[in-house]
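Notes for the one structure printed next.
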Amino acid sequence: MTQIAPLPRLAVLIDAENTSPRIAQRLFDEIATFGEASVRRIYGDFAEERLKGWSSILSDHAIIPQQNFALTVGKNGADIALVIDAMDLLHSGRFAGFCLVSSDSDFTRLAARIREQGLDVFGFGEAKTPKSFRQACKRFVLTENLLSAPEPSLPVVSIGNTGPGPAPATATRKPAQASAMVRRAIAQLEDDDGWVHLGGLGSRLLMMDPEFDPRTYGCSKLTTLIEQAGGFEVRRGGGMSVQVRRRSEALAG
């Protein structure tokens, strides 16, 4: 009997002060594509009225609240508590990675420290999140995409799925704006005829830019994005096999 490999264990730490409760369901759908959300903790002063939205749904998602009273104006004890817990969990050696849910650049050093230890960090935040925090993560997901996406995104290994699938309701960029980065990624991977397997291309794009996501360009899949961006040729083989090359290569040979 074939044994199923266990999913990577992830610690999910949410900054309630900088995250909308509206993303909760899609957040955990998205995290499920990376691994198992073994620890689910959220930090904030839940005595405050503005966090009542989180308080009402914590049990629905098995999130454990970490209460931090705002004892001093201008000081955020919740951030400090999150960092302390993250370091304790890191040194427990029980986790393959962390999901840091916040739009606050204060967690940049935390993300970098966790990655120095050899663990993955998946960041989740709004488009306003400073670039320093985005780049410190292995993968950064815009929460705007979670609000609009009808389906959770595919994991990297399945990024070549070519099914139709609905596109997100909103997009912050046009598909053509991704062309330059896609061309650079293809140039790093192409064979003698200029072809690149879509799965490898998707992985390379994420290495180049941790926040790369077809949904940001209004597309539910990488294949759709490449086809709409223009300037590329897509070749489909048997099963799920998909290859891509630059249009100039196609015309030349």
Q.
Can you list residue pairs whose Cβ atoms sit under 7 Å apart, with the first residue in region 101-126 being in the same structural domain as N76 (by TED's automatic domain parsing) and the second being among the acidic types (D, E) and part of a loop (DSSP other than H, G, I, E, B)? Count only pairs 6 or more apart in sequence or on different chains.
A. S103/E126
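Results for (1) assigned to a loop (DSSP other than H, G, I, E, B); (2) at pLDDT below 90; (3) among the charged types (D, E, K, R); (4) closer than 25 Å to F122 by Cα, shown as yes or no for each residue.
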| site | (1), (2), (3), (4) |
| --- | --- |
| P166 | yes, yes, no, yes |
| T170 | yes, yes, no, yes |
| A176 | no, no, no, no |
| V182 | no, no, no, yes |
| I186 | no, no, no, yes |
| S203 | no, no, no, yes |
| T223 | no, no, no, yes |
| Q228 | no, no, no, no |
| G239 | yes, yes, no, no |
Q. Between residues in region 221-248 that are assigned by TED's automatic domain parsing to the domain that holds Q177 and under 16 Å from A187 (Cα atoms) and residues that are surrounded by 13 or more Cβ atoms within 10 Å (Cβ to Cβ) and among the polar types (S, T, N, Q), which pairs lie under 7 Å by C-beta distance while being six or more apart or on different chains?
A. G231/S179; V234/T223
Q) What number of residues in region 182-224 are under 18 Å from the mean Cα position of the chain (by Cα) and not β-branched (V, I, T)? A) 23
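The values are calculated or read from the model by the stated rules, or taken from the named source; none is laboratory data. This one's a predicted model, so the numbers in the text were calculated from it and none came from an experiment. Ideal geometry is used to build each Cβ from the backbone, glycine not excepted, and the neighbour counts take in all protein chains shown.
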